[in-house]
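Single-structure report; data block below.
Nothing in this text is a laboratory measurement; each read-out follows from the coordinates by a stated rule. Source: prediction; values computed, not measured. Cβ coordinates were reconstructed from backbone atoms using ideal geometry, including for glycine residues, and neighbour counts include every protein chain displayed.
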Amino acid sequence: MVFSVTKRVAMHSARLTPLKRALLLAVFGLLLLLLSNQVDELRSYQGAQVAIYAIAISSIIVLTGFSGQISLGHGAVMAIGGYASALAFTLWNFPWEFALMFGTIVGTIFGCALGIASARLQGPYLAGTTLALAVGLPSLANQFKVLGGEQGISFDIGDAPAWLRQMVGGEFTQYKWFFWLATPVAIVTFWFITNLLQSNVGRSWRAARNHPVAAGLAGINVARAKILAFTVSSSLASLAGGLFAVMLGLVTPMAFPLSLSFLLVTGAVIAGVGNLAGIILGALVLVSIPELSGTLATYLGNSQKVTANLPGLVASLLLIVVVIFAPNGLRPTALWKAFRQFYK
Amino acid sequence: MIINTLLIGVSSGAIYALMALALVLVWRSTRVVNFAQAGQAVLSTYIGYETMARTHNYWLSVPIAIFFGALLAAIVDVLFMRVLARRAQQGPIAEIAPVITTLGLLGLIHSLIGLIWGNTFVQYTSPLSGKGFTFGTHVIPFSPQNLLIVLTATGVMAIFAAIFTFTDLGLSLRAASFQPEIARLAGIKVDRVRTVGWAFAGATGAVAGVVITPTSYLSPNSLDLLLVTGFVAAVIGGLESLIGAVVGGVVLGIGFAFILQYIGPSVTFLAGFIILMVVQLVKPHGFFGHKTSRHA
């Protein structure tokens, strides 16, 4: 089963060479960006959100789906990326592009250290450890003055550069700019991961995950494969964290709550953790949960209790239902088959 | 000064030990770290709070909350864990499916509580004073409520020790957790025994909730941090051993009290993470675990 899923994914994307895949993704991205002229501010905001969630979910998929490790603390890794970027931008006056890169590098180094420390941990141990990290890390912001305490650090990269505004034309709002920023990054990320997972690096991860002993006999250093997967995953998460901070305009401990880590896991499970193509679906679902539950809340009479708790309720219900009924991800066919089997 | 810190440590350590005990009981019976335990405990505490609001009797609300905690845990096991054990045996997330399900349950319980009682902090008070005992002019940071916490925790541990050592139920619980196949052949209804294990854990979590909450406040998330400290305590003890969980809890409580006293409040939970990391690297089976029991 495990083999067949990964094999199907591999076969599906192996038909394309990296170059063709890049062209395809570029066309897709261009279409999306052209679409951005047709939609209002809210949709651009949500579009940027989808792109950022897609990067963050792919970090979980690399880790869980292709290397068999679990993290309940990727919100904390995002926080590291966000804080490092904001520090570099606001305190050390990096240009924002380099600030984002700096944040990603810091997150990568941190992820490598964490990966080395946790390569020996399995399943629930790793889950609990990363959970403890997600709980413990945000409190650091109050311990060191430079991190700005509860107020956080501002991270305002300003308007779109002039050349972009000239090239695109039309009214260039703030969120449309973020959409233009996040979407290409997400697409490059996507291209990078699909290629990586096709390469022998990805194959060694899957081998180490599916059968560690056999992989070891075949000459794969299992511990190193796991650490590398954790490192790549962390660098993706911290990149997403930096973009997230750009979109918020600041970083605070409250911006990276425990529920963010849980939301990423939800997104990855909906996407199907062994399934790269599901990432967009997962991100779309995550972004549409607040909107859907908003509509539902109006229907239920919009009291403060309902509006505050309905999104969480919908997300957790979805998570449980998908894990039990469609463990390979929320694809309509898979869901239908599972229900039929269950009530047979 | 050191004695004061120790007293604070023992009182919070007793609570960590209860939470660790709840996690260990579930781990032993089903091989799942139950992250929903924080949610189950806080929901049971809300039931206690509701009873208190209606009857104005703390001593009545405690047993009701504990009973509800046991019932809720049994329901979780029957409705979710059994279904999961039957269905999600394969596929890319088979190994992590239980962890993720308990995570979803945690979120579900939080939102349900928010829907029913709202997300604001509420007070769930006990008739015992929260002010420290006074000796002459000297006030120690140990109140009658703290005494209740320590006594209850000791009581719960004594009850479990008795059940596990002296009763048939205890024997079948141990058998079902160590050799489920052989236990089944010996005529033990393993599924039913597991549910009993869950119910014990749920009750223990509820006890922790109802005795600790009067010292602070109650909100849907108020016991989440306790889940993490309880997990750290359980891992120190090896995640298998009931005695280990208790010792781990008390040691962690005292350690945290000293960190709080001499370093500062905001690093406490990061210290928890570091302790967890160090224990796992130095002693992967904890200080009370069996060497062979790690894989399972």
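For residue A:155, what residues show an amide H to amide H distance below 5 Å, using hydrogens built from the backbone and excluding near sequence neighbours?
A:250, A:251
Among A:251, A:323, A:168, whose mean-square fluctuation peaks in a Gaussian network model of chain A (Cα, cutoff 10 Å)?
Judging by the Gaussian network model, the answer is A:168.
Highest GNM mean-square fluctuation, chain A, Cα pairs closer than 10 Å: which of A:202, A:219, A:81?
Highest fluctuation among the options: A:219.
Under a GNM of chain A (C-alpha, springs under 10 Å), which listed residue has the highest mean-square fluctuation: A:31, A:196, A:147?
Ranking A:31, A:196, A:147 by mean-square fluctuation puts A:31 first.
How big is the charge dipole of the protein assembly as shown about its Cα centre, in debye rounded to the nearest 20, if each Lys and Arg gets +1 on its Cβ and each Asp and Glu gets -1 on its Cβ? Don't skip to the answer; put the middle values down first.
On the way: 35 positive and 16 negative charges, 422 e Å.
Dipole size: approximately 2020 debye.
Through the Karplus equation 6.51 cos²θ - 1.76 cosθ + 1.60, θ set to phi - 60°, convert the phi angles of region A:214-222 into ³J(HN,Hα) values in whole Hz; use x for Gly and Pro.
4, 4, x, 5, 7, x, 8, 7, 4
Tell me which of A:175, A:133, A:117 sits at the most positive position along the dipole axis of region A:117-192, charges placed on C-beta atoms (Lys, Arg +1; Asp, Glu -1).
Highest projection toward the positive end goes to A:117.
Stick to the Cα atoms of region B:2-293, pair each with every other, and give me the Kirkwood hydrodynamic radius in Å at one decimal. Working shown, then result.
On the way: mean 1/r = 0.0513 Å⁻¹.
Across region B:2-293, the inverse of the average 1/r is 19.5 Å.
Any idea what the dipole of region B:2-293 comes to, in debye rounded to 20, about its Cα centre with Lys/Arg Cβ at +1 and Asp/Glu Cβ at -1?
Working: 14 positive and 8 negative charges, 86 e Å.
In total the dipole reaches around 420 debye.
Using helices alone, what [θ] at 222 nm do you get for chain B, with -39,500 (n - 2.57) per DSSP H run of 4 or more residues, divided over all residues and rounded to the nearest 500? Intermediate results must be reported in sequence, preceding the final value.
Working: 12 runs with 206 residues, N = 296.
Mean residue ellipticity at 222 nm (helix-derived): -23500 deg cm²/dmol.
Where in chain B are the DSSP H helices whose C-alpha atoms run 24 Å or more along the long axis and whose mean Kyte hydropathy is at least 1.6?
Numbers: long enough: B:2-30 (40 Å, 1.64); B:37-55 (27 Å, -0.08); B:58-76 (27 Å, 2.16); B:97-117 (30 Å, 1.80); B:144-166 (32 Å, 1.73); B:190-212 (33 Å, 1.09); B:242-262 (30 Å, 2.10).
Qualifying helices: B:2-30, B:58-76, B:97-117, B:144-166, B:242-262.
Answer with one residue from A:66, A:262, A:293: the one whose Cα lies farthest towards the positive end of the charge dipole of chain A, charges on Cβ with Lys, Arg +1 and Asp, Glu -1.
A:66
Could you sort the peptides B:28-39, B:106-117 by per-residue average Cβ neighbour count (10 Å cutoff), highest mean leading?
On the way: B:28-39: 25.6, B:106-117: 20.9.
Going from most to least packed, we get B:28-39, B:106-117.
Calculate the mean, over all residues of peptide A:116-129, of how many other protein chain Cβ atoms lie within 10 angstrom of the residue's Cβ.
Details: counts 0, 4, 3, 0, 3, 6, 4, 8, 15, 8, 3, 8, 14, 7.
Averaged over the peptide's residues, the number is 6.
If I model a spin label as a point 7 Å beyond the Cα along the Cα-Cβ vector, how far apart are those points for residue B:60 and residue B:169 in nm?
A separation of 2.6 nm, rounded to one decimal place.
I'd like the mean, over residues of B:226-235, of how many other protein chain beta carbons sit within 10 Å of each residue's own Cβ.
3
I'd like the FRET efficiency for residue A:308 and residue A:43, computed as 1/(1 + (r/R0)^6) with the beta carbon distance as r and R0 of 25 Å, rounded to 0.05. It would help to have the intermediate numbers written out before the result.
Numbers: r = 24 Å, r/R0 = 0.96.
Working from the Cβ atoms, E equals 0.55.
Highest mean first, how do B:186-197, B:238-249 rank when packing is the count of other Cβ atoms within 10 Å averaged over residues? Mind dumping the intermediate values first?
Details: B:186-197: 17.2, B:238-249: 24.4.
Averaged packing, sorted descending, gives the order B:238-249, B:186-197.
I need A:320, B:140 ordered by Cβ neighbour count within 10 Å, fewest first. Please report the intermediate quantities before stating the final value.
Values: A:320 22, B:140 14.
Fewest to most other Cβ atoms nearby, the residues stand as B:140, A:320.
Taking region B:113-184, which trypsin sites (Lys or Arg not before Pro) meet the DSSP loop condition and have no more than 15 other C-beta atoms within 10 Å?
Numbers: sites: B:131, B:174, B:184; in loops: B:131.
Within region B:113-184, the qualifying trypsin sites (Lys or Arg not before Pro) (loop, at most 15 other Cβ atoms within 10 Å) are B:131.
Averaged over A:301-309, how many beta carbons belonging to a partner chain fall within 10 Å of each residue's beta carbon?
Values: counts 0, 0, 2, 4, 7, 2, 0, 5, 10.
Other-chain Cβ atoms within 10 Å of each residue's Cβ, averaged: 3.
Rounded to the nearest 500, what is chain A's calculated 222 nm mean residue ellipticity when only DSSP H runs of at least 4 contribute -39500 (n - 2.57) each, over all residues? Write down the numbers at each step before the final one.
Details: 16 runs with 254 residues, N = 344.
Calculated mean residue ellipticity at 222 nm is -24500 deg cm²/dmol.
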